[in-house]
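*Asks:* Please read through the structure below; I'll follow up with questions.
The values are calculated or read from the model by the stated rules, or taken from the named source; none is laboratory data. Model, not experiment: these values are computed from the prediction. Glycine gets a Cβ as well: all are built from the backbone with ideal geometry, and neighbour counts include every protein chain shown.
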Amino acid sequence: MSRRHLPTLTAMQCFEASARHLSFTRAAEELSLTQSAVSKQVAQLESVLEHPLFRRVRKRLQVTPEGSLYLTEVRKVLAQVEMSTRYMQSYGGQSEVLNVTTLPTFGARWLIPRLNGYRFRHPGVYLNIANRVEPFDFEEERVDVAFFFGHGAWPKAECIKLLDEEVVPVCAPTAVPEGGIDDPLALTDLVLLQSATRPEAWHDWFEAQGCYTTHSYHGPRFDTFYMALSAARAGCGVTLVPRFLVEEELTTGQLVIPWRFSLTSLDAYYLAYPEHKGEVAKVRGFIDWILEHLEAPAQVDGARPAS
């Protein structure tokens, strides 16, 4: 569909208000338009979609099944427009937006604690941070900085290595049988919690110890490390996670390492930014901040599992 055949924002507003009130007249009053203008906008929208959005029953409107489906999407669009508009209105005249993407649990556990104080050094830069798991094109998405896990390569981007990953199994203390376990395969009796982004994790961890089990891929699957950690804390089983993401729970005793073997991942965590933005002030300032605070907050002291 070409741009000239896309519905206007006014048409979507007229449709949403009419669907909410089930009345063109009341929608017109809310939008400060005439009843005929609202009706015409909805008719044009129906023409573009090639689907009826309303039925007229006894001089009252009823939303059609197609209309209900489209209404859900329209409300998402209008809510996003409103949020973005209010977001921009809140900026001062000299403000800039820095668009950052990050892996969900990495962002919550590693990145955010390192942002404390950033706004005081860069008061004119507003951070817009979003979770992204899948690769994307920097230009199409208008992203300035991205944190990712991989080999350290990104098309048309510069990559800076931040840290390696050491993966360990963790579970609630109550999940470990009395006397502990004497074989890594015993973990299969605790229920292996799987990570959707690391489907081979358990297989690789067992293989590195010369073990094999058909249960490597069995168990509840979670979209993020954060969800898997929550399940482990609740006693649902044992999960494999990067150690740096779980130091707090290990220190407080909410989680324990039932078998002290760690596996260093072949990939690592990186910061990436478009090649042509390397000297843009807001981008360079953010990169310098991250590199300056790479080791902060300090890691909790404690014995590390044997490699």
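*Asks:* Any residue in the stretch 93-100 that is touching a residue at least 12 places away in the same chain (Cβ under 8 Å), loosely packed, with under 14 Cβ neighbours inside 10 Å and under 30 Å from Pro242 (Cα atoms)?
*Replies:* no
*Asks:* Still on this structure, I have one more. Condition (residue is surrounded by fewer than 21 Cβ atoms within 10 Å (Cβ to Cβ), closer than 13 Å to Arg109 by Cβ and not hydrophobic (A, V, I, L, M, F, W, C)) applied to the stretch 232-240: is it met by at least one residue?
*Replies:* Taking every residue of the stretch 232-240 in turn, none turns out to be surrounded by fewer than 21 Cβ atoms within 10 Å (Cβ to Cβ), closer than 13 Å to Arg109 by Cβ and not hydrophobic (A, V, I, L, M, F, W, C).
*Asks:* Is it true that Thr105 is in contact with a helix residue (DSSP H, G or I) (Cβ under 7 Å, 6 or more places away or on another chain), surrounded by 18 or more Cβ atoms within 10 Å (Cβ to Cβ) and in contact (Cβ under 8 Å) with a residue 40 or more places away in the chain?
*Replies:* yes
*Asks:* Which condition number in (1) without any contact (Cβ under 8 Å) to a residue 24 or more places away in the chain; (2) among the charged types (D, E, K, R); (3) over 30 Å from Glu139 (Cβ atoms) is the one that Glu16 fails?
*Replies:* So Glu16 meets the others, but not (1).
*Asks:* Could you tell me whether the stretch 80-91 includes any residue that is under 21 Å from Phe24 (Cα atoms), surrounded by fewer than 14 Cβ atoms within 10 Å (Cβ to Cβ), at pLDDT 90 or above and in the same structural domain as Glu16 (by TED's automatic domain parsing)?
*Replies:* No, the stretch 80-91 has no match at all.
*Asks:* Continuing with this model, one more query. Yes or no: the stretch 106-125 includes at least one residue that is polar (S, T, N, Q) and outside the structural domain of Trp259 (by TED's automatic domain parsing).
*Replies:* yes
*Asks:* Across the stretch 250-270, what is the total count of residues that are of a type in the set (Asp, Glu) and farther than 21 Å from Pro199 by Cβ?
*Replies:* 0
*Asks:* So which residues in the stretch 208-243 are among the hydroxyl-bearing types (Ser, Thr, Tyr) and in contact (Cβ under 8 Å) with a residue 60 or more places away in the chain?
*Replies:* If the condition is that a residue be among the hydroxyl-bearing types (Ser, Thr, Tyr) and in contact (Cβ under 8 Å) with a residue 60 or more places away in the chain, then Thr224, Tyr226, Thr239 are the ones that fit.
*Asks:* Farther than 20 Å from Ala201 by Cβ, under 13 Å from the mean Cα position of the chain (by Cα) and either at pLDDT 95 or above or hydroxyl-bearing (Ser, Thr, Tyr) (or both) - does that describe any residue in the stretch 137-146?
*Replies:* Yes, the conditions are met somewhere in the stretch 137-146.
*Asks:* Has the stretch 255-275 got any residue that is over 16 Å from Thr105 (Cα atoms) and in a helix (DSSP H, G or I)?
*Replies:* Yes - at least one qualifying residue is present in the stretch 255-275.
*Asks:* Can you report the number of residues in the stretch 50-74 which are in a strand (DSSP E or B) and either touching a residue at least 24 places away in the same chain (Cβ under 8 Å) or touching a helix residue (DSSP H, G or I) at 6+ places or on another chain (Cβ under 7 Å) (or both)?
*Replies:* 5
*Asks:* (1) under 30 Å from Leu291 (Cβ atoms); (2) of a type outside the set (Lys, Arg); (3) touching a His at 6+ places or on another chain (Cβ under 8 Å): which one isn't true of Thr188, the others all being true?
*Replies:* (1)
*Asks:* Within the stretch 116-156, restricting attention to residues that are in contact with a helix residue (DSSP H, G or I) (Cβ under 8 Å, 6 or more places away or on another chain), among the hydrophobic types (A, V, I, L, M, F, W, C) and over 21 Å from Pro242 (Cβ atoms), which residue is surrounded by the most Cβ atoms within 10 Å (Cβ to Cβ)?
*Replies:* That would be Val125.
*Asks:* Continuing with the same structure: Can you tell me which residue among Thr214, Thr224, Thr188 is within 21 Å of Phe261 (Cα to Cα), surrounded by 15 or more Cβ atoms within 10 Å (Cβ to Cβ) and hydroxyl-bearing (Ser, Thr, Tyr)?
*Replies:* Thr188
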